[in-house]
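To start, the structure under review is shown below, and the notes come after it.
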Amino acid sequence: MPSLRNASEEGRTLQSTLSSRAALIVYPINGLMNLHFGAAYYPEHVTPERVVEDAILMQEAGMSLVRMAEFAWIRMEPEEGIYDFSWLDHAVETLAAHGIRSLLCTPTATPPKWVMDKYPDVYQYHADGRRREFGARRHYCVNSPSYLQLSKRIAHAIGTHYRDNPNVVAYQIDNELMAEDPYCHCPTCVAKFQAWAKDKFGSIDELNRRWGLDFWSQCYRSFDEIALPKLNSHQNPSSTLDLQRFFSECFVEYADLQARAIRETSPGKPVTHNICSCGFLYKLDLNKLGKRLDFVSVDNYPISFTFEGEYGNTGDFDYHPSYASMAMAITRATKRAPFWVTEAQSGRTLRPRKLVEPGLLNVLTRQELAHGARAVLYFSWRTFPSGVEHMLSSVLPSDSKPRRTYREIKELIAETTKIEKELSSLMPRAEVALLRDFDCDWALDDGHPHPDFRYLRHLHNYYQALFENHVNTDIVSPEDDWSIYKVLAAPSSLLIDEARAEKFRRFVSEGGTLVLTCLSAMRDMDNINRPETLPSLLNDLCGIEIEEVLPLKFQDKVKLLSNDGTPHEGSYWFDLLSLHGAEALASYNEQWFTGTPAATLNSYGKGRVCYVGTVPDIPYLRNLLGTLCSETGITPNVTEASTPLLESLRVLGTDGAIGEHLHLINFSREEQSVNLHSPYVVIPENREVSGRFTLRPFETILLRKA
Ligand SMILES: [Zn+2]
């Protein structure tokens, strides 16, 4: 059976064999290199006898890990101070007898009724002053002193009980932090925010100045006058940016409180958390969260995945594998390390979506593993008998008979195990990075630039264009070292200060290619319009001035013409640019601004800067980024793919012993083909291939460079 090594194990080094500006990336491995398959399991829903039958079926499927108990507080502590782990002990030991270890969770996403009755300050309050009542989940205030104590106590109890149990190998804290409306407006939160603001600004005059509160006579006379900002379009945008910073910090502190409680009682066992919304969660600064965890996990639902919930979008969308690819890149970036998928999609979702047809689970799983997942736990083992998620899919249906989903998972585990050695030793290596800045996302969240514009959608456009060029892309934060990348795209980098401008300048002057876009370098870090000519502090770098910034009405488009005469369209927003050293790559093609530059390229130091003045269609971005990558010496993983529904991912050994490999994943139900740029060997058959290579419907292939 695969084993987890100690979390304190030193990190290893990934030595790139690709040409690169700096060919070294450190991945802290933390003993997570072995592959595990399993499921989210709920023994509290079934009889002890059924747990035994489930363990047998899991073992027969090749599973080795389950996650349990993230909502089971009422079973662990039915009355305050009275603990009962007997039912969980039975499950842990029964599963272990069949070779299956356990990831146990703190159950704090669902405080039981006795908590709420005895400690009413735990209740969260909505922005309109209503109390969030018992009956759903996450009805707690993250700053409630009572809840902090209760959370620490239950984490201590779990950590103490399973401290010496070798079958409990890791802990998950809470569940999908900040997934639901996380902003609490209770008196505790108001007072804590006031203290946070006082600590940040020092004096009320400084707060009034930096929030720009002379507008609409909003100045405060003292910190205790400050109302907790509400997220709506009429609130001061500087205050709402700080509201989002404040609550993100509160939840990171809350995660840290639980992580420390586990480490105090179960030293040496790693602590993780399951990031919601496939990593597209934007309310919680994942980079700061990651620093408090030993490794990160993600709940990944590629088929249901839209930005709904995150952005209130209830519309459907066209499935494209680049969404889940970007989700995995986000997760990998959080600690620049391997991760676990604590909830993997097993079939249908709560809402009608694309059918999960035979073969699709195999490609979804391989995509997760290729990007660095070391455990894939399907959600959930059996259809929930009750509750709001009783229509969610599962490995087993309610009658517990193994059917198509179980058989497919069993088969894919068996096939994957044949290449476990390679899969568990490889990580993606990218020469292109996409900058994700949570501050910019939050500052653009008020709908002021355009009610339909969304920061992460804009980033995804760039990710998709690179995906379709078969170029690996990493996600980076403002604090990361960008110098190891040849190309950095930083869409909608709204907030700028001299330090950020200097970091952009240094990246380019040392030879990097930087892509900036509309809605960039307009405001300072307090979300106040900057007084300089746009793009602020970056005129010299970009070789342009922005003459006008213009939003587009609803679904209107602006016509573009690339320099080769190809027509394209822009959405949401467009800048009218004048050239001050840059050359035009595309121009607008309508109204009074026909012929005005829409995209530009400027040389600076040893590098170049491309400025894209609108949100162009994907074909334009695909051509633009493909050309920029090619001119920068980046070789695509493959060429001439017969479908955009095919992912190629170049991966390298994490210990230097395994050289360059290539994952090919066909997400379509038809046969597809690509051109390989050099000879490869198919793993594990050791069959040599080169040139045009064909994949069967939903086929996944791992190739080793010959
Ligand atoms: Zn509160």
Subject >> Boolean, residue 603 is under 14 Å from residue 517 (Cα atoms), outside any helix (DSSP H, G or I) and in the same structural domain as residue 493 (by TED's automatic domain parsing) >> reply: no
Original post:
In region 179-196, is there at least one residue being closer than 30 Å to residue 102 by Cβ, within 26 Å of the chain's Cα centre (by Cα) and more than 15 Å from the ligand (Cβ to nearest atom)?
Top reply: yes
Subject >> Scope region 425-456; condition within 30 Å of residue 36 (Cα to Cα) and among the aliphatic types (A, V, I, L, M); matching residues >> reply: 426, 427, 430, 432, 433, 434
Original post:
Which one of the conditions (1) free of Cβ contacts under 8 Å to residues at least 24 places away in the same chain; (2) more than 16 Å from the ligand (Cβ to nearest atom) does residue 116 fail to meet, given that it meets all the rest?
Top reply: (2)
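Yes/no matrix, rows are residues, columns are (1) crowded, with 16+ Cβ neighbours inside 10 Å; (2) within 16 Å of the ligand (Cβ to nearest atom):
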| position | (1), (2) |
| --- | --- |
| 168 | yes, no |
| 177 | yes, yes |
| 201 | yes, no |
| 206 | no, no |
| 210 | yes, no |
| 216 | no, no |
Original post:
Do we find a residue being among the polar types (S, T, N, Q) and under 30 Å from residue 424 (Cβ atoms) anywhere in region 640-653?
Top reply: yes
Original post:
Would you say residue 264 is within 16 Å of the ligand (Cβ to nearest atom) and surrounded by fewer than 21 Cβ atoms within 10 Å (Cβ to Cβ)?
Top reply: no
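Yes or no, residue by residue, for (1) at pLDDT 95 or above; (2) under 30 Å from residue 640 (Cβ atoms); (3) within 23 Å of the chain's Cα centre (by Cα):
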| residue | (1), (2), (3) |
| --- | --- |
| 440 | yes, no, yes |
| 487 | yes, yes, yes |
| 501 | yes, no, no |
| 510 | yes, no, no |
| 536 | yes, no, no |
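One line per residue, one yes/no per condition, for (1) without any contact (Cβ under 8 Å) to a residue 12 or more places away in the chain; (2) under 16 Å from residue 182 (Cβ atoms); (3) in a helix (DSSP H, G or I):
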position: 209; (1), (2), (3): yes, no, yes
position: 229; (1), (2), (3): no, yes, no
position: 238; (1), (2), (3): no, no, yes
position: 281; (1), (2), (3): no, yes, no
Original post:
Quick check: anything in region 52-66 in a loop (DSSP other than H, G, I, E, B) and within 16 Å of the ligand (Cβ to nearest atom)?
Top reply: no
Original post:
When region 135-156 is examined, which residues are found to be away from the ligand (no atom under 16 Å from the Cβ), of a type outside the set (A, V, I, L, M) and either in contact with a helix residue (DSSP H, G or I) (Cβ under 9 Å, 6 or more places away or on another chain) or free of Cβ contacts under 8 Å to residues at least 40 places away in the same chain (or both)?
Top reply: 135, 152, 153, 156
Subject >> Subset tally (residues that are of a type in the set (D, E, K, R) and either exposed (fewer than 12 other Cβ atoms within 10 Å of the Cβ) or outside the structural domain of residue 647 (by TED's automatic domain parsing) (or both)) for region 689-703 >> reply: 1
Original post:
From the residues in region 49-91 that are touching a His at 6+ places or on another chain (Cβ under 6 Å) and surrounded by 16 or more Cβ atoms within 10 Å (Cβ to Cβ), which one is nearest to residue 110 (Cα to Cα)?
Top reply: 85
Original post:
Among the residues of region 154-172, which ones are in contact with a Lys or Arg (Cβ under 9 Å, 6 or more places away or on another chain) and of a type in the set (Ser, Thr, Tyr)?
Top reply: 162, 171
Original post:
Just for region 664-673: of the residues that are modelled with pLDDT of 95 or more and in contact with a Ser or Thr (Cβ under 7 Å, 6 or more places away or on another chain), which one is surrounded by the fewest Cβ atoms within 10 Å (Cβ to Cβ)?
Top reply: 671
Original post:
residue 246 versus (1) at pLDDT below 95; (2) within 18 Å of residue 525 (Cα to Cα): which is the lone unmet condition?
Top reply: (1)
**OP:** Tell me, yes or no, whether region 4-24 has at least one residue that is hydrophobic (A, V, I, L, M, F, W, C), part of a helix (DSSP H, G or I) and either modelled with pLDDT of 95 or more or buried (at least 20 other Cβ atoms within 10 Å of the Cβ) (or both).
**Re:** no
Original post:
Name the residues in region 264-294 that are over 25 Å from residue 379 (Cα atoms), in contact with a Gly (Cβ under 8 Å, 6 or more places away or on another chain) and not small (Gly, Ala, Ser), would you?
Top reply: 264, 265
Original post:
Is it true that residue 662 is in contact (Cβ under 8 Å) with a residue 12 or more places away in the chain, closer than 22 Å to residue 364 by Cβ and outside any loop (DSSP other than H, G, I, E, B)?
Top reply: yes
Subject >> Residue check for residue 615: crowded, with 20+ Cβ neighbours inside 10 Å, part of a strand (DSSP E or B) and not hydroxyl-bearing (Ser, Thr, Tyr) >> reply: yes
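The values are calculated or read from the model by the stated rules, or taken from the named source; none is laboratory data. All of these numbers come straight from a predicted model, not from anything done at the bench. When we count neighbours, we look across all protein chains shown, and the Cβ atoms used for this are built from the backbone with ideal geometry, even at glycine.
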